[in-house]
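Engineer: Below: one structure in structure tokens.
Derivation of every value follows stated rules applied to the coordinates shown; laboratory data play no part. Since we're looking at a predicted model, the values are computed, not measured. A quick note on method: Cβ atoms are made from the backbone with ideal geometry, for glycine too, and the neighbour counts reach across all protein chains shown.
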Amino acid sequence: MTGIVIVVHAPLGDAMHELASHVLGDVVADTLAVHDIQPDDRPDGTSPGVLADILRVDRGEGVLVLTDLIGATPANIAKRAVADAQAQGVRCCVLAGLNTPMLLRALTYRHLPLAETREKALAGGVQGCLQVD
């Protein structure tokens with residue numbers, strides 16, 4: 001099963017976790033970790049905790065790290081932690097632009113290999129953005 005780590009601006013991570021639990025039921029905590037990044041958090045001080053969670057949720061299938069804004073502090077923290085995890089032999093990748101459909105797809109398809117989970121999540125994120133009126 002693909003592990004999932006959310007690294008986003010606070011309080012989005014906890015809100016996304018609550019939303020996923022509301023829609024999907026109890027979300028398995030041992031394959032999901034959430035990091036709400038505070039305004040004063042820095043990559044050097046925060047990425048080791050994210051790395052620890054990447055290692056914790058990895059079950060040998062890889063880890064998908066979801067972040068909100070590319071280039072922002074949470075994304076920089078995620079990229080640094082993923083690079084460190086990859087250096088330790090963990091297969092993982094980062095997707096930016098986290099939205100609800102992306103998260104729900106990632107959780108729904110996390111039984112697939114990492115590459116397929118990543119593609120399902122990315123497609124969900126893109127296809128979930130539509131003009132409604």
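Engineer: If each of ALA29 and ASN99 carries a label point 7 Å out from its Cα toward its Cβ, how far apart are those two points in nm?
Structural biologist: 3.1
Engineer: Same structure, new question: HN-Hα J couplings of the range 96-110 from phi, Karplus 6.51/-1.76/1.60, θ = phi - 60°, integer Hz, Gly and Pro as x?
Structural biologist: So the Karplus estimates, Gly and Pro as x, are 9, x, 3, 9, 4, x, 4, 5, 5, 5, 4, 5, 5, 9, 6 Hz.
Engineer: Check which residues have an amide H placed less than 5 Å from ALA33's amide H, if you skip close sequence neighbours.
Structural biologist: ILE4, VAL5, ILE6
Engineer: What is the packing order of peptides 41-50, 70-79, taking the mean over residues of other C-beta atoms within 10 Å and listing the highest first?
Structural biologist: Working: 41-50: 16.6, 70-79: 20.7.
Answer by packing, highest mean first, reads 70-79, 41-50.
Engineer: Still on this model: Which residues' amide hydrogens lie under 5 Å from the amide hydrogen of GLY97, considering only partners 5 or more residues apart or on another chain, with H built in the peptide plane?
Structural biologist: THR67, ASP68, LEU69, ILE70
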